[in-house]
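Student: Pasting in a structure now, in structure tokens, and then I'll have a few things to ask.
The values are calculated or read from the model by the stated rules, or taken from the named source; none is laboratory data. As the structure is a computational prediction, the values presented were derived from the model and not from experiment. No Cβ is skipped: glycine too gets one built from the backbone with ideal geometry, and neighbour counts run over all protein chains shown.
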Amino acid sequence: MSTRTFTWRDAGLHSAPLRALNLATAPLAAMGVKWPSLAPDDLLAAAAKETGLDDFGDDTLREPLKALHQSGDQEANLTGFGRMVFRQLIVGALSERLKVLDWAKRHPEVRDEKIEKPWIILGLPRTGTTLLSILLGLDPVSRPLVQWEASHPTPPPDLATHLEDPRIAKVAKQLEQLENLNPPIRAMHPFGSTLATECVTLFAFDLRALSFETQGLLTTYGDWLEHTDMASTYAIHKLSLQVLQSRLPTQSWVLKTPHHLWCIDAMRDAYPDARLIWTHRDPAKVVPSVASLNTAMHKANCSKVDPVEVGSAWDNKLHLAVSRGMEFDDKQAGASWCSHLLYSDLMADPIGAVARIYADYDAELHPLHVRRMEIWMNDRSQSVFGRHGYDVEDFGLNLDGIRSRYAQYIDRYRIPAE
């Protein structure tokens, strides 16, 4: 049986479910009814109403709320449906922040939890970070951050009931609805309620997260995010892990998001003993793939999407990430601060790649861990939902131009062309 290839052109408003949803919201404007508000005070009030809580902690939210409001209202071309999604994304993050802070207030002992030697994967998207996080998470003494608990960390799951927690089914249903609305996403990125996920979900609780920019072009917010102080973000990130760990202990966490590359100093302040892994892949493969994924995401929410604008925006974001990583590398004066892993080496020998990472940190690779990785690699399927296809020229890019722009990065880490 042939495997279907999905591209960004298959995503968005032409799909019957999304078209119906947007037609349903269109009459609101004709009747003079305002679309869901993105005003900062309204978003804060909605989260407080949803949770019955009102202590948002330190006053770190005003700046991102202002930037998100301006971008959502004036720049992203959000449809009625897209506006509802964007609002709920923000309100949901604020609600989870309220609940985490409230749980820690009522259970102050959670702040005594030690988050020790976490595995933190720094690589760009499409560089094997999902596969690597899954493999590392198969270690009996490690724990990956999975989608359902990242989305809803309180009350923290416990040993007695975590396998039957109703939030697993709740998040699974939400992901199924997302994939049904936008089927190409299934082929472009793996989703699963119990699958290892980006810890950028926890960043969102402080409204400082690249994940918001997957919803549409948010120029004002994106520019602000590049320069903001991330100390408060890592504080809520760490507290969320402490809450989760308090009733379901682990020896070490497995975490990943490319956003870490933007702010390595802040990350190391929060996790000074973190075991860091920087995955590398040919940027000529990474950049257009990320552009394609985000174009597909934007098409689900926005009335007008220019793939060239999306390609340029995400090319700039990815280049900033590796540039900041190299700047940090330069400051180390040759000292080893992370384990570097080529995508080609990971795909050629995944278990061998994990073994080399463990050796870099003088960590023991347990035989049970090896066996689990062998079984998982044997059973996995890469194309059950189809394959992701794209044309680099759709995004105003070309392969030689990408490799030229990233030449210093490619040369420093000896990244092979694909």
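Student: Select from the range 208-234 the residues that are part of a helix (DSSP H, G or I), among the aliphatic types (A, V, I, L, M) and under 15 Å from Leu318 (Cα atoms) and write down the one among them that is modelled with the lowest pLDDT.
Tutor: Here the answer is Leu210.
Student: Of the residues that sit in the range 51-61 and are modelled with pLDDT of 95 or more and of a type outside the set (A, V, I, L, M), which one is surrounded by the most Cβ atoms within 10 Å (Cβ to Cβ)?
Tutor: Per the criteria, the residue is Gly57.
Student: Met373 is checked against (1) more than 23 Å from the chain's Cα centre (by Cα); (2) of a type outside the set (S, T, N, Q); (3) crowded, with 17+ Cβ neighbours inside 10 Å; (4) outside any helix (DSSP H, G or I) and fails just one. What number does that condition carry?
Tutor: With (1) more than 23 Å from the chain's Cα centre (by Cα); (2) of a type outside the set (S, T, N, Q); (3) crowded, with 17+ Cβ neighbours inside 10 Å; (4) outside any helix (DSSP H, G or I) applied to Met373, the lone miss is (4).
Student: Quick test for you: out of Ser246, Ser252, pick the one residue that is at pLDDT 95 or above, of a type in the set (Ser, Thr, Tyr), in contact with a His (Cβ under 8 Å, 6 or more places away or on another chain) and surrounded by fewer than 23 Cβ atoms within 10 Å (Cβ to Cβ).
Tutor: Working: Ser252 fails: in contact with a His (Cβ under 8 Å, 6 or more places away or on another chain).
So the residue among Ser246, Ser252 that is at pLDDT 95 or above, of a type in the set (Ser, Thr, Tyr), in contact with a His (Cβ under 8 Å, 6 or more places away or on another chain) and surrounded by fewer than 23 Cβ atoms within 10 Å (Cβ to Cβ) is Ser246.
Student: In addition: Just to check your reading of the model, which residue among Leu159, Leu136, Leu124 is over 19 Å from Lys99 (Cβ atoms) and loosely packed, with under 15 Cβ neighbours inside 10 Å?
Tutor: Unique residue meeting the criteria: Leu159.
Student: Condition (residue is at pLDDT 95 or above, in a helix (DSSP H, G or I) and over 24 Å from Asn398 (Cα atoms)) applied to the range 269-290: is it met by at least one residue?
Tutor: yes
Student: Among the residues of the range 324-339, which ones are over 13 Å from Arg268 (Cβ atoms), in contact (Cβ under 8 Å) with a residue 60 or more places away in the chain and small (Gly, Ala, Ser)?
Tutor: Across the range 324-339, the qualifying residue is only Ser339.
Student: Which residues, taken from the range 72-89, are within 20 Å of the chain's Cα centre (by Cα) and part of a helix (DSSP H, G or I)?
Tutor: If the condition is that a residue be within 20 Å of the chain's Cα centre (by Cα) and part of a helix (DSSP H, G or I), then Gly72, Gly82, Val85, Phe86, Arg87, Gln88, Leu89 are the ones that fit.
Student: Kindly indicate whether Gly325 is under 21 Å from Leu132 (Cβ atoms) and either surrounded by fewer than 20 Cβ atoms within 10 Å (Cβ to Cβ) or over 17 Å from the mean Cα position of the chain (by Cα) (or both). Please lay out each step first, then the result.
Tutor: Values: under 21 Å from Leu132 (Cβ atoms): yes; either surrounded by fewer than 20 Cβ atoms within 10 Å (Cβ to Cβ) or over 17 Å from the mean Cα position of the chain (by Cα) (or both): yes.
Against the criterion (under 21 Å from Leu132 (Cβ atoms) and either surrounded by fewer than 20 Cβ atoms within 10 Å (Cβ to Cβ) or over 17 Å from the mean Cα position of the chain (by Cα) (or both)), Gly325 qualifies.
Student: Might you let me know whether the range 104-117 holds any residue that is crowded, with 19+ Cβ neighbours inside 10 Å and assigned to a loop (DSSP other than H, G, I, E, B)?
Tutor: Yes, the range 104-117 has at least one match.
Student: Counting just the residues of the range 173-207 that are of a type outside the set (Asp, Glu) and more than 17 Å from the chain's Cα centre (by Cα), which one comes out modelled with the highest pLDDT?
Tutor: Lys173
Student: Let me ask another. Within the range 30-50, is even one residue of a type outside the set (Phe, Trp, Tyr), assigned to a helix (DSSP H, G or I), surrounded by fewer than 18 Cβ atoms within 10 Å (Cβ to Cβ) and modelled with pLDDT under 95?
Tutor: Taking every residue of the range 30-50 in turn, at least one turns out to be of a type outside the set (Phe, Trp, Tyr), assigned to a helix (DSSP H, G or I), surrounded by fewer than 18 Cβ atoms within 10 Å (Cβ to Cβ) and modelled with pLDDT under 95.
Student: Residues to consider are Leu132, Leu163, Leu159, Leu124; find the one that is touching a residue at least 24 places away in the same chain (Cβ under 8 Å), part of a helix (DSSP H, G or I) and either touching a Gly at 6+ places or on another chain (Cβ under 9 Å) or hydrophobic (A, V, I, L, M, F, W, C) (or both). Walk me through how you get there before you give the answer.
Tutor: Values: Leu163 fails: touching a residue at least 24 places away in the same chain (Cβ under 8 Å); Leu159 fails: part of a helix (DSSP H, G or I); Leu124 fails: part of a helix (DSSP H, G or I).
The unique qualifying residue is Leu132.
Student: Also, I was wondering about something else. Run Asp265 past the list (1) over 16 Å from the mean Cα position of the chain (by Cα); (2) crowded, with 18+ Cβ neighbours inside 10 Å; (3) in a helix (DSSP H, G or I) and report the number of the one that doesn't hold.
Tutor: Exception for Asp265: condition (2).
Student: Does Val254 qualify as being in a strand (DSSP E or B), of a type in the set (A, V, I, L, M) and either in contact with a Pro (Cβ under 7 Å, 6 or more places away or on another chain) or more than 26 Å from Arg412 (Cα to Cα) (or both)?
Tutor: It is true that Val254 is in a strand (DSSP E or B), of a type in the set (A, V, I, L, M) and either in contact with a Pro (Cβ under 7 Å, 6 or more places away or on another chain) or more than 26 Å from Arg412 (Cα to Cα) (or both).
Student: Restricting to the range 66-103, what's the tally of residues that are surrounded by fewer than 19 Cβ atoms within 10 Å (Cβ to Cβ) and within 24 Å of Ala266 (Cα to Cα)?
Tutor: Looking only at that region, the number is 1.
Student: Which members of the range 291-302 meet the condition of being hydrophobic (A, V, I, L, M, F, W, C), more than 15 Å from the chain's Cα centre (by Cα) and at pLDDT below 90?
Tutor: Ala296, Ala300
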